[in-house]
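The values are calculated or read from the model by the stated rules, or taken from the named source; none is laboratory data. None of these values were measured; they are calculated from a predicted model. FYI the Cβ positions are ideal-geometry reconstructions off the backbone, even for glycines, and counts take in every protein chain you see. To get the accessible areas, we keep the full protein, side chains included, count just its heavy atoms, and leave off ligands, DNA and RNA. Shrake-Rupley method; radii C 1.70, N 1.55, O 1.52, S 1.80 Å.
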Amino acid sequence: MIEITSPARVDQKPGTSGLRKKTRHFQEPQFLERFVQAIFEAIGGAEGKTFVVGGDGREWSLDATKIIIRIAAANGAKKLIIGQNALLSTPAASNVIRKYKTDGGIILSASHNPGGIDGDFGVKFNGPNGGPAPEKVTDAIFDLTKSDVTYRMIEADAPNVNKVGPSTFEGMEIDVIDPVEDYVELMESLFDFDAIGKMVANGRTLRFDAMHAITGPYAKAILEDRIGSPAGTVINEVPLPDFGKGHPDPNPTWANVLFDAVVKRGEADIAAASDGDGDRNMIVGADIYVTPSDSLAIICEHAQKIPAYAEGLDGIARSMPTSGAVDRVAAELGIECFVTPTGWKFFGNLMDAGRITICGEESFGTGSTHVREKDGLWAYLCWLNIMAATGKTARELVDDHWKRFGRTFYSRHDYEEVPQELADKVVAAATEAVKAGSDELAKAEIFAYDDPIDGSHSANQGFRFEFPNGSKAIMRLSGTGTVGATIRLYFEKHEADEARFGDDAQDALAEVIAKTETLLGVQAKTGKTGPDVIT
């Protein structure tokens with residue numbers, strides 16, 4: 001074993017979902033080593049503990065896994081459970097952590113960010129409940145990295161992880177597992193696969209775009225092998241280190257091939273795409289794109305048609321930027337609806353305390369208490385089970401929901417890779433708008449959250465503006481980018497007039513979009529003529 005002291009650095013602050021940097025940045029000498037050592041020290045050491053390791057298979061994952069093995073062994077870890085070839089989707093990793101009652105897991109992923117040697121890499125720690133580490137842990141990790149870090153590492157090369165089975169390394173147990181098996185077993189315990197299979201046999205057509213990311217093997221095992229959808233249902237199914245040079249973000253911009261094929265040309269009755277690490281989803285049907293906010297609301301509305309949730313929901317939660325569509329469902333069901341900051345870790349306490357069953361974010365993330373992560377394939381299976389139980393199409397389910405609750409027009413505009421000094425000007429304008437108030441605004445605030453379970457306080461979680469006509473705008477900086485800043489703007493307008501349900505979302509939101517530009521001057525301050533991505 002060797003001990004190396006790495007000098008202090010200030011570029012290892014975990015964001016909402018771990019530490020993300022360019023791949024080449026992670027490959028710098030001692031960068032990963034000191035961060036992994038800081039993880040172990042922040043949780044009270046690795047001595048005698050068991051951890052899960054795996055990720056989305058992006059560039060450098062196998063090399064990173066070997067580094068983690070060497071550091072874990074040097075720090076006295078009892079055992080590592082590792083996905084074969086270092087592969088585990090994020091929801092699958094959460095399940096393995098929970099199923100085998102481990103002390104947490106290290107997930108190698110930058111989620112929906114591009115991969116490859118010139119793309120992004122990421123590392124995050126999930127706790128024993130299977131969910132992302134809470135802020136007190138990520139803050140402790142960052143505090144440690146800001147000082148010299150002395151990391152311990154076994155000198156010998158770590159073993160390969162390409163074969164399933166047990167082995168030992170320097171006294172530490174290693175169990176390489178099939179990355180798909182446990183997850184498929186979990187999904188089968190939640191859903192009525194036989195009913196979905198009958199629906200498919202009776203002519204409903206499915207499609208799933210894995211975007212050359214981690215969910216390909218999972219989707220094939222469930223949709224084709226178990227449910228019986230024809231071969232070829234899952235496209236772009238082979239995980240590649242650079243995601244086939246694509247952008248593994250399941251939205252109408254980056255999953256446009258699936259979007260056009262299904263929404264515009266009706267080539268499948270119900271389809272979905274998932275992201276780099278398998279925790280996000282985009283749901284589309286023939287002639288209908290389902291916004292993530294509406295998808296969350298509709299899943300909750302019909303949850304009791306799914307075997308796992310037949311007895312009802314304890315409660316619902318959504319992130320603050322997610323639309324209020326699910327709030328109306330919660331009110332109808334007579335259950336609590338919590339509004340949290342962006343970041344899945346905020347849902348964990350509510351789940352563990354039994355206060356919520358299903359939760360979601362507008363950023364294409366939906367999940368439930370089956371794990372402590374959002375889960376893209378699970379969300380698609382929810383839709384399939386609901387369709388099988390009701391006999392309705394995706395379009396009919398959405399139309400029925402709007403007729404019952406009204407339509408919440410919603411859109412997110414992303415301004416990406418904005419120089420930090422320009423993003424700071426936008427934040428300053430938003431801060432001043434909250435401070436000064438205006439006759440043009442019915443309400444303005446900087447969102448803060450007090451956790452109802454542990455009492456922790458999270459300040460400065462985004463800016464919320466409400467206009468006199470009830471429309472809303474939210475502005476926040478994303479915590480998932482690796483170059484400059486990403487400014488996210490969210491727009492919402494509830495419509496009760498059924499005659500307007502068919503309006504184009506951007507047209508329906510045009511007034512609130514224009515008012516927000518006048519208020520904050522995002523385009524004027526950044527020099528951009530419009531958003532880089534609209535979802």
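Observations on the model:
- Checked against the criterion of being in contact with a helix residue (DSSP H, G or I) (Cβ under 8 Å, 6 or more places away or on another chain), open to solvent by 60 Å² or more (accessible area, probe 1.4 Å), within 17 Å of residue 53 (Cβ to Cβ) and not aromatic (Phe, Trp, Tyr), the candidates 188, 170 yield just one match: 170.
- Filter result for residue 392 (of a type outside the set (S, T, N, Q) and surrounded by fewer than 24 Cβ atoms within 10 Å (Cβ to Cβ)): yes
- Residue count for segment 504-535 satisfying the condition of being in contact with a strand residue (DSSP E or B) (Cβ under 8 Å, 6 or more places away or on another chain), more than 24 Å from residue 292 (Cβ to Cβ) and of a type in the set (A, V, I, L, M): 1.
- Residue list for segment 163-187, filter: more than 13 Å from residue 384 (Cβ to Cβ) and part of a helix (DSSP H, G or I): 181, 182, 183, 184, 185, 186
- None of 121, 125 is open to solvent by 10 Å² or more (accessible area, probe 1.4 Å), of a type in the set (Phe, Trp, Tyr) and either at negative phi or part of a loop (DSSP other than H, G, I, E, B) (or both) except 125.
- Failed criterion for residue 210 (all others in (1) among the small types (Gly, Ala, Ser); (2) more than 28 Å from residue 392 (Cβ to Cβ); (3) buried (at least 20 other Cβ atoms within 10 Å of the Cβ) hold): (2)
- In the set 250, 241, only one residue is crowded, with 24+ Cβ neighbours inside 10 Å and not in a helix (DSSP H, G or I); that residue is 250.
- From the list 111, 147, the one residue that fits, being in a loop (DSSP other than H, G, I, E, B), open to solvent by 10 Å² or more (accessible area, probe 1.4 Å) and touching a residue at least 40 places away in the same chain (Cβ under 8 Å), is 147.
- Filter pass, residue 260 being of a type in the set (D, E, K, R), in a helix (DSSP H, G or I), open to solvent by 20 Å² or more (accessible area, probe 1.4 Å) and farther than 28 Å from residue 476 by Cβ: yes
- Being touching a strand residue (DSSP E or B) at 6+ places or on another chain (Cβ under 9 Å), touching a residue at least 24 places away in the same chain (Cβ under 8 Å) and open to solvent by less than 30 Å² (accessible area, probe 1.4 Å) holds for only one residue in 277, 269, and it is 277.
- Selected residue (criterion: nearest to residue 240 (Cα to Cα)) from residues of segment 77-86 that are open to solvent by 20 Å² or more (accessible area, probe 1.4 Å) and either of a type in the set (Lys, Arg) or in contact with an Asp or Glu (Cβ under 8 Å, 6 or more places away or on another chain) (or both): 84
- Qualifying positions in segment 421-472 - under 24 Å from residue 506 (Cβ atoms), acidic (Asp, Glu) and exposed (fewer than 14 other Cβ atoms within 10 Å of the Cβ): 440
- In this entry, residue 307 is excluded by the filter for residues that are more than 12 Å from the chain's Cα centre (by Cα) and modelled with pLDDT under 95.
For every residue, the table says whether it meets (1) open to solvent by 50 Å² or more (accessible area, probe 1.4 Å); (2) assigned to a strand (DSSP E or B); (3) within 28 Å of residue 20 (Cβ to Cβ).
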residue: 474; (1), (2), (3): no, yes, yes
residue: 487; (1), (2), (3): no, yes, yes
residue: 494; (1), (2), (3): yes, yes, no
residue: 512; (1), (2), (3): no, no, no
residue: 523; (1), (2), (3): yes, no, yes
residue: 531; (1), (2), (3): no, no, yes
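- Any hit, segment 130-143, residues being assigned to a strand (DSSP E or B) and buried (at least 21 other Cβ atoms within 10 Å of the Cβ): yes
Quick grid of which residues meet (1) more than 30 Å from residue 228 (Cα to Cα); (2) at pLDDT 95 or above:
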| residue | (1), (2) |
| --- | --- |
| 135 | yes, no |
| 141 | yes, yes |
| 146 | yes, yes |
| 154 | yes, yes |
| 172 | yes, yes |
| 184 | no, yes |
| 193 | no, yes |
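- No other residue among 219, 158 is assigned to a helix (DSSP H, G or I) and farther than 23 Å from residue 19 by Cα apart from 219.
- Candidates in segment 315-351 are the residues that are of a type in the set (D, E, K, R) and modelled with pLDDT of 95 or more; of these, the one that is most open to solvent (accessible area, probe 1.4 Å) is 332.
- Boolean, residue 164 is in contact (Cβ under 8 Å) with a residue 60 or more places away in the chain and in contact with a Leu (Cβ under 7 Å, 6 or more places away or on another chain): no
- Residue-level analysis places residue 41 among those that are at pLDDT 95 or above, touching a helix residue (DSSP H, G or I) at 6+ places or on another chain (Cβ under 7 Å) and open to solvent by 50 Å² or more (accessible area, probe 1.4 Å).
- Contact map, segment 507-518: first residue in contact (Cβ under 8 Å) with a residue 24 or more places away in the chain and more than 18 Å from residue 535 (Cβ to Cβ), second residue buried (at least 18 other Cβ atoms within 10 Å of the Cβ) and of a type in the set (Lys, Arg), Cβ cut-off under 9 Å, separation 6 or more or different chains; pairs are 511/493.
- Unique match (being in contact (Cβ under 8 Å) with a residue 24 or more places away in the chain, farther than 26 Å from residue 110 by Cβ and out of contact with any strand residue (DSSP E or B) (no Cβ under 6 Å at 6 or more places or on another chain)) among 303, 330, 310: 303
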